[in-house]
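Read-outs throughout are calculated quantities, based only on the coordinates presented, and are distinct from any laboratory measurement. This one's a predicted model, so the numbers in the text were calculated from it and none came from an experiment. Please note: Cβ atoms are built from the backbone with ideal geometry, for glycine as well, and neighbour counts cover all protein chains shown.
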Amino acid sequence: MRYQSTRGTAPILGFRDVTLTGLASDGGLYVPETWPQFSRDDIAAMADLSYVETAVRVMLPFVGEDLTEDELRALCTQAYGRFSHAAVTPLVQLDHRHFLLELFHGPTLAFKDVALQLLGLLFEKFLAGSAEPLTIVGATSGDTGSAAIDAVAGRHGVDIFMLHPKGRVSDVQRRQMTTVLAPNVHNIALEGASFDDAQALVKAMFNDAGFAGRFRLSAVNSINWARLMAQIVYYFYAAVRLGAPERKVAFAVPTGNFGDVFAGYAAARMGLPVERLIVATNVNDILHRALSSGDYSAGTVTPTAAPSMDIQVSSNFERLLFDAGGRDGGALAAQMRGFEASRAMRLTNAQQTNAAEIFASDRIDAGEMAQAMLWASQSGETIDPHTAIGLAAARRAEVQGPVVTLATAHPAKFRDAVERATGLRPALPARLADLFDREERYDTLPGSFDAVTAYIAERAQPR
């Protein structure tokens, strides 16, 4: 398996190098040169597999010669052994056609754990025996930061610098990052910044030769292909339990950065019978506008009760534009340069037409989100605001067969919003019950390239 950049000029890499690199040197994102293919029999054979064995079966074609099947199995066993549910990502039924796929049973209570627990182990495996340290730089709207920090805290040869917009993540999300006091963990709160601003700083660091050349930079955001690869697994795992390949399954995905739902697109390209991928956005609706009308124009970020979706520039959408537009790296590079200069772009006819074959989208406002939380509670389930946005879109989508809403975070991570909508205040699991008693450590910086790069340069190990 080899990987190419969406912008066409970066070197072709194998799985190990793609994992350690993150963003491509030409500013693009890495994708497989071809999608592995699973037959109906291949998919049917997954019905009785555990989550770990499903993960091995789905991911093995992506790792090439860089991991043996036994090595991959050992990494998956270790990664998912930390989850609190034996099924890792269990399905919960709400009514005759609606299901929740609970992705929050990992150590930091969010779907990011499914990928980042594995990614941390991959970093450690691929760096073994290397004297060159790895500097991870990431931006978070809440959940990526805590999941990535948990995955690499205390690991030898790795420093992590995590940027978050000050005051724009929940108190639980912040504390899950800032109470990890391992010496290789550095939390940075950016003043007056949005997640888009933080993400732009990370991309600028990777693209600045003077800065990037001093360190071995890598990414934990969903720009890193290995993270998306791990997320493909739970689409297969859920679908076969609802009758695939004999019937199609639809998925509703609350999304801001498009990574989680792109993993579903990858599963479909690999042969999984997906009825529809429903992209659910909040009022920061750039993805809904792009998919419904072809208008990919960034506006001003509006803070909401679903902060992980308060995004106006969705990094992973570039992967879909590349695949749906005929995999023309040069054309996409020009298209993205125009967007980066003007923050506005029209999808081509091919991009719109091909995306419409599998994607639907919806925009959910605060009232609709609250109604979905209340409906779920009446069905016996407490859900967080992000999951509620996905469920609201799922309930009014015109699709056939079962619909699975991805439950992306434990409701206790957003307890104030849940209580306002339902009257219920969810408690943190026992392992995090003392979170608000733990010491915090983070630094506050202005959201400027010079301030952030100076901070990192002072603390990171040079290559």
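Structure summary
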read-out	value
Sites E458 and A153 - FRET efficiency at Förster radius 22 Å, r taken between beta-carbons, to 0.05	0.65
Mean Kyte hydropathy of -1.0 or more with a Cα span along the axis of at least 24 Å, helices from DSSP in the chain	225-241
Three-way shape label, the chain, alpha-carbon gyration tensor, a/c 1.5	rounded
Mean residue ellipticity (222 nm) of the chain, computed from DSSP H runs ≥ 4 via -39,500 (n - 2.57), nearest 500	-12500 deg cm²/dmol
Length-normalised contact order for region 240-347 - Cα pairs under 8 Å, 6+ apart - percent	27
P(r) tail fraction, region 278-435 - alpha-carbon pairs more than 29 Å apart, %	28
